[in-house]
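Read-outs: derived from the displayed coordinates by stated rules, not from any lab. Predicted model only: the values in this text are computed from it and were never measured. Positions of Cβ are generated from backbone atoms using ideal geometry, with glycine treated the same way; all protein chains shown enter the neighbour counts.
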Amino acid sequence: MSKKKEIDDRFKKFGTVSFTSVTKVNDFIDFLEKGKVMGTRCQDCGKVFFPPRADCYHCLSRNVEWFEVSGKGKLVSYSKLKYAPVGFEGDLPYSIALVDYGDYKIFGRLAGDIPDDEVKLGMEMKTVVNKLPNGQLNYVFEKV
Amino acid sequence: MEKVAIIGVGQSAFVRGYPGSIRELAFEGFKEAVEDAKVSVGDIDASVICSAPEYDKQRSPSGVFAEYLGLIPQPTCYLESLCSSTSMGLRMAYSLVKSGLHDVVAVLGFQKMSEISSAESQERMGRGADIQWESPFGTMMPAYYAMFAKAHMEKYGTTLDDMALIRVKAATYGPINEKALFRKPVTLEMFTDPDHFMSGPVASPLRVGDCCANADGSSCLIVASEEKAKALSKKPVWILGLGAASASVNMAGRDLFTGLAVARQASEQAYKMAGVTPKDIDVAEVHDCFTISEILAYEDLGFAKPGEGRELVKSKETYKEGNIPVNVDGGLLSKGHPIGATGGSQIRTIVLQLRGDAGEMQVKDPGIGLVHNIGGVGLYGNVTILGR
C-alpha cells in the first residue's frame, strides 16, 4: 500500500467547469455516471435535501441517505444567456433554470433542444443526466 | 438611548480604469469624508474596510489602507457581504460606537474592478453564488436576476418597457451627478432599436440597458457617537433604523422569485427600529444593479404593493418631484457599481439629501431617507433608515 493518501476528487467532474473537487457527497458523481440524479434525506428527522448535503442543519445529524430524483417538476423560471463567464463560452447559448418538485427544487440547465417558444413557466419537466462534450457531467431539464 | 450619527461622507468619482492603486483609490473617498466631517484623521478611533474579495492581488487590504490613510495603530478589519459590504460595515460601525468601544469609526468601501476583463469579472461574480452546485452550470449575475425578471413578468405582467423606464429615470440623473460613470440621457426608443447597443441581449429577458456596469470607486462614512457628533458636526445625520438578513445561496433553497426575501425582512426590521412606515420615507436609494431590481425594491420596501412597482416609475412618483424620489443620483445604473463602494455611495447620497447638500439632485426638504443595499442575488440584504 502506498503511503501517499489518495484524494477522492470525483466532484471535479461536475459541470462544464467544477470549482469543487472534494466533498462528502462525491458519490453524487458516481450516481450521475449511472444516469441517476440523487438528493439526500436525513434518516433522523426526514428532511429532504437537493442539492444533496452530508449534514442536516435541521437536527444536526450526519445520518443521511440518498434518494433518486424522479417524476416531474414545474419550471419556476429560466434565463437564456447570450454571454458566458470564462470557461463556459463554448456552451453558448444555454439557459439556466429552476424546477420545483414540491419537496425540493433543482437548479440546472434546460435541455438544449427545446425551442425557445416552447418554454413556458409552470411547464412540466424532468431532470436527466447529461454528458458534456468535454467529458464532464451535469443534468438538464427536459419537457415531459 | 444614545444615538449614533454619520458626520461625514465622501466618495471618489466612479470610473472605468482608475489610474492608481487600490490604496490611492481608497484615499479619494476617505479624504472627502474626513474633510466633509471637519475632523482630523487622529479623531478616528477605528476603521472598517469593506469590499468584495478576489478582485485584488492584495490580501487583507485593511492593514494596507490603515497605514496609507494614517489610521494606525488604531484597530482595523476587513468586512464583506459582496455588494452590500459598506452597509454591513455601517452596521458594524454602529455596533462599535453604540457599545462604547469607539467614539468615531471610519467605514471605507472600495473596489477596483478594471484590472480584470468583463468575462473574468462575471466569473468571479458568478462565484458569489453557490460554487459547488450552481456555478458549474455557467451562472452569472444578470442571468440570475433575469430569472427574477421573468418570474415577475409572468406573474404580474411587468413588461420590458417598464424595466426600460427605470433606466430612463436613472439616466435623467446621471448627467447631474458629477461622480457618475454614465452621464448621457437614455430614451425608451434605444431599447426598441435593434441596432442600438442598449437593446442587445445579455441574459433573457435582460438587455444591455437593463444592467449596471462594473466600475472602480471608493466611498467613506465617518460614524460618531451622539456626544462626538454634537461636538464635531453642525449637521449630523442620525442612524434611525438598521435591518439585515441573509438567504439561501442556492436558488433551490428559495421560495420567492418575484421579490427578494432579504429586502422584505431587512426593511421590516429597519422600519420597526426607526418607528416609521414606508409612507414616512421622503427619499430613497435602492440597489438597482438591474432595472428589474428597482421594481422589486419598490415592492419589497412597501412603496408599492406586490406587482404594482412599475406603476411608480410610469407615473413618475419616483422621480425627483414625485412622492417618493428614488435613486435621484442616477443609481447604480448611471453611477456604475464598484461593488464594495456602492453601499457607501448610496448612504452618502441620502446623507447629503437630508442635510440639504445634494445640489442639483436635491429633493424638497426630506426628513427621513432610506437605503436598500443588496449583496449577491438577494443573498444579503441591508436596509438603513436615516434622519435629521
Assuming R0 = 22 Å, can you tell me the calculated FRET efficiency for the pair A:GLU6 and A:GLU33, based on Cβ-Cβ distance, to the nearest 0.05? 0.75
Anisotropy class of chain A from Cα gyration tensor, a/c 1.5 cut: oblate
Local electrostatic count, B:THR342, Cβ distance below 11 Å [Lys/Arg +1, Asp/Glu -1]: 0
Rounded if a/c under 1.5, otherwise prolate or oblate - segment A:73-143, Cα gyration tensor axes: prolate
Local charge sum around A:ASN63 (other residues, Cβ-Cβ under 11 Å, Lys/Arg +1, Asp/Glu -1)? -1
How many angstrom lie between the C-alpha centres of segment B:211-242 and segment B:321-377? 12 Å
Determine, from the Cβ-Cβ distance of B:THR159 and B:ASP357 and an R0 of 35 Å, the FRET efficiency 1/(1 + (r/R0)^6), rounded to the nearest 0.05. 0.40
Where Rh denotes the Kirkwood radius from the mean inverse Cα pair distance, what is Rg over Rh for segment B:276-388? 0.92
Under 10 Å, Cα contacts only: if you run a Gaussian network model on chain A, which one of A:PRO115, A:PRO93, A:PRO52 comes out with the highest mean-square fluctuation? A:PRO115
Any idea which of A:LEU75, A:ASN134, A:VAL144 is furthest toward the positive side of the dipole for chain A, if Lys and Arg beta-carbons carry +1 and Asp and Glu beta-carbons -1? A:ASN134
List, in order, the whole-Hz ³J(HN,Hα) value for each residue of segment A:134-144 obtained from phi through the Karplus relation with A = 6.51, B = -1.76, C = 1.60 and θ = phi - 60°; use x for Gly and Pro. 8, x, 6, 10, 8, 9, 10, 9, 10, 5, 7
In 10 Å bins starting at zero, report the fraction of Cα pairs in segment B:1-108 per bin as a rounded %. 14, 49, 31, 5, 0
Can you list the equivalent-ellipsoid semi-axes of segment B:211-305, largest first and in whole Å, using the square root of 5 times each Cα gyration tensor eigenvalue? 29, 18, 14
Using only Cα positions of chain B, each an equal point scatterer, no hydration layer, compute I(q)/I(0) via Debye at q = 0.12, 0.13, 0.14 Å⁻¹ and quote the log10 values to two decimals. -0.83, -0.99, -1.16
Once the Cα atoms of segment A:10-68 are picked out, what are the Rg and Dmax in Å? 11.8, 35
Kyte-Doolittle mean at least 0.0 and Cα axial length at least 18 Å: DSSP H helices in chain B: B:85-98, B:160-173, B:339-355
Just to compare against my own numbers: the Cα pair-distance distribution for the protein assembly as shown, 20 Å bins, whole % per bin, please. 23, 53, 23, 1
Unpartnered Cys in the protein assembly as shown, judged by a 4.7 Å Cβ-Cβ cut-off, are B:CYS50, B:CYS77, B:CYS83, B:CYS211, B:CYS212, B:CYS220, B:CYS289
Considering only B:PRO194, B:PRO175, B:PRO306, give the residue with the highest GNM mean-square fluctuation for chain B, with springs between Cα atoms whenever their separation is below 10 Å. B:PRO194
Compute the distance in nm between two label points, each set 7 Å from the Cα along the Cα-to-Cβ direction, one at A:LYS131 and one at B:MET273. 5.5 nm
Between B:ARG16 and A:SER61, what's the calculated FRET efficiency when r is the beta-carbon distance and R0 is 45 Å? Round to 0.05. 0.35
Give me the net charge for the shell around B:VAL186: Cβ to Cβ below 10 angstrom, other residues only, Lys and Arg +1, Asp and Glu -1. +2
Counting other chain Cβ atoms within 10 Å of each Cβ in B:251-257 and taking the mean gives 6
To the nearest 500 deg cm²/dmol, what mean residue ellipticity at 222 nm is calculated for the protein assembly as shown from DSSP H runs of n ≥ 4 alone, each contributing -39,500 (n - 2.57), summed and divided by the residues? -8500 deg cm²/dmol
Restricting to Cα pairs below 8 Å that are 6+ residues apart, what does the relative contact order work out to for chain B? Please round to a whole percent. 26 percent
Please report, in debye to the nearest 20, how large the charge dipole of the protein assembly as shown is about its Cα centre when each Lys and Arg carries +1 at its beta carbon and each Asp and Glu carries -1 there. 660 debye
Contact order relative to length of segment A:73-143, as percent, for alpha carbon pairs under 8 angstrom and 6 or more apart: 30 percent
Quick check: pseudo-label points 7 Å beyond the Cα along Cα→Cβ at B:LYS57 and B:ALA119, how many nm apart are they? 2.3 nm
